[in-house]
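S.K.: Supplied in structure tokens, the structure appears directly below.
The values are calculated or read from the model by the stated rules, or taken from the named source; none is laboratory data. All figures in this text were calculated on a predicted structure; none of them were measured in a lab. In this analysis, Cβ positions are derived from the backbone assuming ideal geometry, glycine residues included, and neighbour counts consider all displayed protein chains. For the accessible areas, the whole protein counts, side chains as well, though only heavy atoms, and no ligand, DNA or RNA atoms are used. Shrake-Rupley method; radii C 1.70, N 1.55, O 1.52, S 1.80 Å.
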Amino acid sequence: MTKNIDWGSLGFGYITTDYRYVSEYKDGKWDNGILSTDSNVVLNESAGVLQYAQTCFEGLKAYRTEKGQVVCFRPDLNAKRMSDTAKRLEMPPFPEERFIDAVEKVVKANIEWVPPYGSGATLYIRPYMFGSNAVIGVKPATEYQFRIFVTPVGPYFKGGAKPITLRVPDFDRAAPRGTGHVKAGLNYAMSLHAIVDAHKQGYAENMYLDSATRTKVEETGGANIIFVTKDNEIVTPKSNSILPSITRRSLMYVAEHYLGLKATEREIKIEEIKDFKECALCGTAAVLSPVGKVVDHGNETTFPAGMEKMGEITQKLYDTLTGIQMGRIEAPEGWIKVIE
Ligand code: PLP
Ligand code: COI
């Protein structure tokens, strides 16, 4: 039985669900892992995560398809990215096959929380890992927890499919130079001030520029960016300091192989965005959210698609991607993991 929730009115928030997956790393190995009903984490006051922010996370979703199955979208890529992130943070990677197996277990255990097909909501899956034993000198922990919880979510941006406005902030996106491509908690902590400030000034998100030259478009606090040129080419920033978005990689493939559009990853100068026809944010949480306007210190760019609706190409990309995720359109081999 599906839970009795008004799925259509859900925003992007946390709701405690029934089970979470927990595995502990000690004496050089991961234990077998359990499903727990306890949503609290109890830690020593000097735990590595609390003192030196040794933590990372992932984000993916489970979808109810048109035919009533429950599926995940490319969880192998989240498993791989989390391993890469863990290595960068001197944490022991959680084995990639076990990551996928744990996702399957935790979604199955919370199957009643998977929103119905067509409700507009999905089940967000949050794997995360942190240093759990006491450390006081600046060094990695020796014990860790890998956990996954799930929570049903609606649209990331208020207003659903309405285009949003971004601003170019005076802040850099990530914490230390060179860690922008990993999904480390500290990078998000360092973006909180910028997002609070953006919201205060009426903007939905920040469009960060490269910190070395402040001339090139990077990404936003929680999503990558794509643009559509006047010739209907999809372009997206090439940078090794942005998160390698799985949604973006998938959209580039969809553009080329499903829609017959050219898709290019290249450096994008902030001064050229005025020449683009459409702009959108892409990510697991953001899906594909249209951007109507970008404000760069008083210099406003309103894309021709405007502030009322998604641009035509963005809409096609959105329909194809969500069609694949919800089982309406045949997926490329290996993209869909059936859970139930
Ligand atoms: N960029 C940032 C900073 C993010 O937090 C996310 C979300 O995970 C993305 C991009 C999009 O990545 P993905 O499509 O893999 O969810
Ligand atoms: C995601 O899309 O999974 C993200 O991590 C974005 C944000 C919720 C942090």
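S.K.: Sort through S132, S119 and tell me the only one that's outside the structural domain of E278 (by TED's automatic domain parsing), of a type in the set (G, A, S) and crowded, with 21+ Cβ neighbours inside 10 Å. Outline the logic, then answer.
M.R.: Working: S119 fails: crowded, with 21+ Cβ neighbours inside 10 Å.
Going through S132, S119 in turn, the sole match is S132.
S.K.: Output the strands (runs of 3 or more DSSP E) that fall wholly within the stretch 13-90 and possess 2 or more residues being more than 22 Å from I336 (Cβ to Cβ) and in contact with an Asp or Glu (Cβ under 9 Å, 6 or more places away or on another chain), or say none. So that I can check it myself, show each step before the final result.
M.R.: Details: elements: 20-26, 34-36, 55-57, 60-64, 70-73.
Hits in the stretch 13-90: 20-26.
S.K.: Another question, if that's okay. Go through the stretch 169-178 and give me each residue that's within 15 Å of ligand 2 (Cβ to nearest atom) and open to solvent by less than 20 Å² (accessible area, probe 1.4 Å).
M.R.: Selection gives nothing.
S.K.: Tally time: how many residues in the stretch 178-213 are under 21 Å from F57 (Cβ atoms) and either of a type outside the set (V, I, T) or away from ligand 1 (no atom under 15 Å from the Cβ) (or both)?
M.R.: 19
S.K.: Which numbered condition in (1) surrounded by fewer than 17 Cβ atoms within 10 Å (Cβ to Cβ); (2) at pLDDT 95 or above is the only one that Q54 fails?
M.R.: The one condition Q54 does not meet is (1).
S.K.: Hey, another quick one. What do you reckon, is A161 at pLDDT below 95, within 14 Å of ligand 2 (Cβ to nearest atom), over 23 Å from P332 (Cα atoms) and in a loop (DSSP other than H, G, I, E, B)? I'd like the intermediate steps shown before the answer.
M.R.: On the way: at pLDDT below 95: yes; within 14 Å of ligand 2 (Cβ to nearest atom): no; over 23 Å from P332 (Cα atoms): yes; in a loop (DSSP other than H, G, I, E, B): yes.
Taking the combined requirement at face value, the residue does not satisfy it.
S.K.: Which members of the stretch 80-96 meet the condition of being in contact (Cβ under 8 Å) with a residue 24 or more places away in the chain, within 15 Å of ligand 1 (Cβ to nearest atom) and open to solvent by less than 10 Å² (accessible area, probe 1.4 Å)?
M.R.: The answer is M82, T85.
S.K.: Here are the criteria: (1) away from ligand 2 (no atom under 16 Å from the Cβ); (2) closer than 21 Å to G154 by Cα; (3) small (G, A, S). Tell me which single one A280 does not satisfy.
M.R.: A280 satisfies every listed condition except (1).
S.K.: Looking only at strands (runs of 3 or more DSSP E) that lie completely in the stretch 168-274, which have at least 3 residues being hydrophobic (A, V, I, L, M, F, W, C) and in contact (Cβ under 8 Å) with a residue 40 or more places away in the chain?
M.R.: So the answer is 224-228.
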